[in-house]
Amino acid sequence: MAACNNNEVVVNDNSDIVTGDVKIYSTTTTLTRDLTLEYVNFSDKDNLAPTSITLVPTEKYQTMDGFGAAVTGATCYNLLLMTPDDRKKFLTETFSDKDGFGFSYIRISIGCSDFSLGEYTCCDTEGIENFALQSDEKKYVIPVLKEIIEINPSIKIIGTPWTCPLWMKVDNLTDLNPYSSWTGGHLNPIYYQDYATYFVKWIQAFQAEGINIYAITPQNEPLNTGNSASLYMSWEEERDFIKNALGPKFKQEGITTKIYAYDHNYDYSGIEEEKEYPCKIYEDTEASQYIAGAAFHDYGGSKDELMNVHTAYPEKELLFSETSIGTWNSGRDLTKRLLEDMKDIALGTVNNWCKGVLVWNLMLDNDRGPNREGGCQTCYGAVDINNSDYKTIIRNSHYYIIAHLASVVKPDAVRIGASGFADDNIVYSAFENSDGTYALVLMNNNEASKRITFSDGKRHFAYDVPGKSVTSYRWAKSE
């Protein structure tokens, strides 16, 4: 993608690129390098460099599922206003492993999210027999997903509801008074079985469209009652729903879709009784048997909580499922966001055992929309498209951090150890891909460039890592 002023881009043109032993992508905060692709060769000299990083393939951590973004109703609306050729170019650049950056994971909503075109579920008329996909799915989401799947057939998709159907809601679990509001409320336990069937029907409806659902979470941000739409689901409620309805229903219907618990902030919204939410559910062996792991967001607390949960339950998976940029955190300022997001979100979550990393809206327009009252009206997308032409695109930090990971770290890669050169302003993570290649992603927060030698124990190469940059490397193992 050729850079325009600031971080504006239109189309990608990687023609006439030379080849070499090591494939490298680099991005600087000033965009003097803008996901620039280049190659270097291995050195035939002895490695005597004091600034060397050496891979340790025998030191193995988690197996990676992938990296990506949320394909919301708003994202699909914007994408479908592009010309078919422009949309194909953008989706190919984003999702193709061969001709693009290879984004490999997508998050979609089950029913509406706060970035859908309206508020709805897939069963707004009382009675689970009235389940049906709605216009948002049929007109926007499914057509876009089919285009993405054509480009990347192995894409993983995780689905999440923002609310259950309103007729399933009550205001509290003592009085069980009906609660007909999109915001807040609780799932009435008498509808646990119907709601589990809702998930099954939703997964089957997408399967009928040729779209496989890899994973779900029972509730987006279960401790957030202020979102549009939303539903409060305490850890006890989620445990009981999974144990008594969702897990058994999946098993009964032969649904192999993974279930991730929680899907909310590191700090559990500061609610004392909800702290260690997923761990408390894991303590129940009946519920735990159905749960692959837990998903987290970063709108409160520290990523250190990922390591806490992993240490307590190392057999359970971790997924980083949402983060956003916006007017509140200088979202379009790459000089601020690129390296902070790389350190805290991309490398920070991966180095704390997350198998996947997903950011929020893949695409919004330059007015931060479409959005609606009650949802986030101050969010930027991973990319923003100009709504005067639906062609000119601004890539924001979240696109860059996912592209830097996805371009060299492929699904089923194993995170491995690395040792050697240490610098507080340099953070990195190393991987072994299943195709016999190594990958390393590194951020340099120093003002000055650093010449670093990278070694896999058999071969090595040197590279001048630019100051204030992110660089990604991939090379084949020696025979």
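For the stretch 237-268, the set of residues classified as surrounded by fewer than 23 Cβ atoms within 10 Å (Cβ to Cβ), in a helix (DSSP H, G or I) and either free of Cβ contacts under 8 Å to residues at least 24 places away in the same chain or not aromatic (Phe, Trp, Tyr) (or both) consists of Glu237, Asp240, Lys243, Asn244, Ala245, Gly247, Pro248, Lys249, Lys251, Gln252, Glu253, listed by residue number. State yes or no: is Ile385 outside the structural domain of Ser455 (by TED's automatic domain parsing) and aliphatic (A, V, I, L, M)? Judged against the criteria, Ile385 is a match. For the stretch 302-311, check the following and say yes or no: at least one residue is modelled with pLDDT of 95 or more, in a loop (DSSP other than H, G, I, E, B) and within 30 Å of Ala196 (Cβ to Cβ). Among the residues of the stretch 302-311, not one is modelled with pLDDT of 95 or more, in a loop (DSSP other than H, G, I, E, B) and within 30 Å of Ala196 (Cβ to Cβ), which makes the answer no.
Residues are listed down the side, and each one gets a yes or a no for (1) more than 28 Å from Asp412 (Cα to Cα); (2) in a helix (DSSP H, G or I):
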| position | (1), (2) |
| --- | --- |
| Ser321 | no, no |
| Leu338 | no, yes |
| Gly348 | no, yes |
| Asp367 | yes, no |
| Gly375 | yes, no |
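Scanning the stretch 323-336 for residues that are of a type in the set (Val, Ile, Thr) and not in a strand (DSSP E or B), we see that the one that is farthest from the chain's Cα centre (by Cα) is Thr335. Each residue in the stretch 48-57 was checked for being part of a loop (DSSP other than H, G, I, E, B) and touching a Lys or Arg at 6+ places or on another chain (Cβ under 9 Å), and 2 pass.
For the stretch 422-479, the set of residues classified as among the acidic types (Asp, Glu) and surrounded by fewer than 19 Cβ atoms within 10 Å (Cβ to Cβ) consists of Asp423, Asp424, Asp435, Glu447, Asp464, Glu479, listed by residue number.
Of all the residues in the stretch 269-320, those that are crowded, with 20+ Cβ neighbours inside 10 Å, farther than 18 Å from Thr349 by Cα and either under 22 Å from the mean Cα position of the chain (by Cα) or among the basic types (Lys, Arg) (or both) number 2. Are any residues in the stretch 215-236 without any contact (Cβ under 8 Å) to a residue 60 or more places away in the chain and closer than 26 Å to Tyr282 by Cα, and if so, which ones? Passing the criteria: Pro218, Gln219, Pro222, Leu223, Asn224, Thr225, Tyr232, Met233, Ser234, Trp235, Glu236.
Here's the yes/no breakdown for (1) in contact with a Ser or Thr (Cβ under 9 Å, 6 or more places away or on another chain); (2) at pLDDT below 95; (3) surrounded by 20 or more Cβ atoms within 10 Å (Cβ to Cβ):
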position	(1), (2), (3)
Asp367	no, no, no
Ala382	yes, no, yes
Ile385	yes, no, yes
Lys391	yes, no, no
Arg395	no, no, yes
Ala406	yes, no, yes
Asp412	yes, no, no
Ile416	yes, no, yes
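The values are calculated or read from the model by the stated rules, or taken from the named source; none is laboratory data. Computed from a predicted model, the values in this text were never measured in an experiment. We place every Cβ from the backbone using ideal geometry, glycine too, and count neighbours over all the protein chains shown.
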